[in-house]
Amino acid sequence: MASSRICSPMLLVLLLVSSCNAGDHPACPAAWSAAVAAELFHGGGGGGEAQCSAAAPHTPVAVFAHDVDPVRFALNLEFAEAEFFLHAAFGVGLDHLAPNLTLGGPPPVGARKASLDELTWRVCAEFAYQEIGHLRAIQRTVGGIPRPLIDLSAHNFARVMDEAVGYHLDPPFDPYANSLNFLLAVYVIPYLGINGYTGTNPLIDGYATKRLVAGLLAVESGQDAVVRGLLFERRRETVSPYGATVAELTDRVSALRNRLGRCGVKDEGLTVPEQLGAEGKICTNILSANVDSLSYSRTPAELLRILYLTSDEHVPGGFYPEGANGRIARMFLKKPPRINHGV
């Protein structure tokens with residue numbers, strides 16, 4: 001079957017990693033990482049001294065003033081991803097694991113531990129810790145904004161799925177109920193971060209901010225690829241008890257995001273008509289990309305329309321009941337920016 005040929009190498013890697021865990025799960029076999037650990041802790045890479053530093057930047061300014069607000073805006077999505085992954089994996093969030101990063105913002109609403117199989121738990125846990133690093137790196141580079149109020153309740157995700165399919169699912173969709181539901185819920189939010197970073201890149205000029213956004217975009221894209229690959233492997237599976245397949249639900253969610261964003265097609269499900277696939281020659285769509293197989297770009301206004309679930313960047317709701325934070329988001333709401341310069 002095509003799906004097994006396409007996804008098996010990635011899944012093999014994930015399955016190997018899944019035997020490695022913390023807490024209630026098996027410990028990582030020391031031999032797996034011994035060689036890398038030796039390099040890290042004792043120095044490595046024989047053959048004498050080597051030049052490892054990057055060349056000096058052409059523009060010797062780390063962060064321009066105009067870089068700050070677009071990059072800070074991304075913290076809104078990073079907060080949502082961090083809290084969703086952390087709670088789903090561990091049952092606790094930033095207030096427990098990295099309270100200094102919240103900058104006094106309120107805790108999320110409705111987030112809780114998910115019922116996950118070993119592989120999905122491992123993926124979720126790794127992503128959760130990665131999001132802590134993303135928050136720290138952004139705040140260190142451009143300063144921070146307080147964590148906004150984020151609604152990660154099952155009720156809110158059920159609303160997204162209801163709007164995607166066009167009717168009320170019965171029972172209501174619960175992202176925390178099982179691994180497949182959780183992966184479908186992950187499909188809803190993080191992909192938007194890729195669109196946002198792709199849109200931010202041309203707007204910034206400092207070498208530190210460009211390096212930061214490149215690194216964030218790379219890892220966020222990797223996360224999205226893992227999730228889409230796992231879902232693609234199960235694309236023909238019926239999501240119980242709704243009667244729709246994984247491929248059908250992801251297609252509906254992508255179509256919903258396009259409608260809410262109001263700027264054309266910048267989102268596609270796991271399969272597409274062949275003429276819309278890569279080079280018009282394939283119907284698989286494990287990575288969502290444009291006609292040149294490049295990432296789609298979205299503006300902050302587009303992202304807010306989708307995340308608020310209102311199709312209007314001036315009307316908060318959805319995942320941000322009181323609106324997102326930072327100068328850009330608050331400008332649309334005509335409210336103070338809620339920023340923190342002291343990070």
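The values are calculated or read from the model by the stated rules, or taken from the named source; none is laboratory data. Please read these numbers as outputs of a predicted model, since none were measured by experiment. Cβ atoms come from the backbone with ideal geometry, glycine included; neighbour counts cover every protein chain shown. All accessible areas refer to the heavy atoms of the entire protein, side chains included, with ligands and DNA or RNA removed. Shrake-Rupley method; radii C 1.70, N 1.55, O 1.52, S 1.80 Å.
List the pairs whose first member sits in region 259-270 and is part of a helix (DSSP H, G or I), whose second member is of a type in the set (Ser, Thr, Tyr), and whose Cβ atoms are under 6 Å apart, counting only residues at least 6 apart or on separate chains?
Qualifying pairs under 6 Å: LEU260/SER311.
Sort out which residues of region 123-136 are in contact with a helix residue (DSSP H, G or I) (Cβ under 6 Å, 6 or more places away or on another chain) and of a type in the set (Gly, Ala, Ser), and write them in order of number.
ALA125, ALA128
What number of residues within region 99-122 are in contact with a helix residue (DSSP H, G or I) (Cβ under 7 Å, 6 or more places away or on another chain) and more than 23 Å from GLU322 (Cα to Cα)?
So the answer is 9.
Note down all Cβ pairs under 6 Å where the first residue falls in region 272-292 and is under 19 Å from ASP224 (Cα atoms) and open to solvent by less than 100 Å² (accessible area, probe 1.4 Å), the second is of a type in the set (Ser, Thr, Tyr) and assigned to a loop (DSSP other than H, G, I, E, B), and they're at least six residues apart or on different chains.
ALA278/SER293; ASN290/TYR296
Checking the structure you have, find out if any residue of region 249-258 is surrounded by 14 or more Cβ atoms within 10 Å (Cβ to Cβ), touching a Ser or Thr at 6+ places or on another chain (Cβ under 7 Å) and not hydroxyl-bearing (Ser, Thr, Tyr).
No, that holds for no residue.
So which residues in region 127-163 are free of Cβ contacts under 8 Å to residues at least 60 places away in the same chain and either among the charged types (D, E, K, R) or closer than 28 Å to ARG259 by Cβ (or both), if there are any at all?
If the condition is that a residue be free of Cβ contacts under 8 Å to residues at least 60 places away in the same chain and either among the charged types (D, E, K, R) or closer than 28 Å to ARG259 by Cβ (or both), then GLU131, ARG136, SER153, ALA154, HIS155, PHE157, ALA158, ASP162 are the ones that fit.
Looking only at region 297-308, how many residues end up being touching a helix residue (DSSP H, G or I) at 6+ places or on another chain (Cβ under 7 Å), in a loop (DSSP other than H, G, I, E, B) and crowded, with 20+ Cβ neighbours inside 10 Å?
Number satisfying all stated conditions: 1.
Show the residue pairs meeting these rules: Cβ distance below 8 Å; 6+ apart or different chains; first residue within region 86-111 and more than 14 Å from ARG147 (Cα to Cα); second residue in a loop (DSSP other than H, G, I, E, B) and charged (D, E, K, R).
HIS87/ARG112; HIS87/LYS113; ALA88/ARG112; ALA88/LYS113; ALA89/LYS113; PHE90/LYS113; GLY91/ARG112; GLY91/LYS113
Mind checking which pairs have a first residue in region 307-328 that is within 20 Å of ALA154 (Cα to Cα) and free of Cβ contacts under 8 Å to residues at least 24 places away in the same chain and a second that is of a type in the set (S, T, N, Q) and open to solvent by 10 Å² or more (accessible area, probe 1.4 Å), Cβ under 7 Å, 6 or more apart or different chains?
Cβ pairs passing all conditions: GLY317/THR310.
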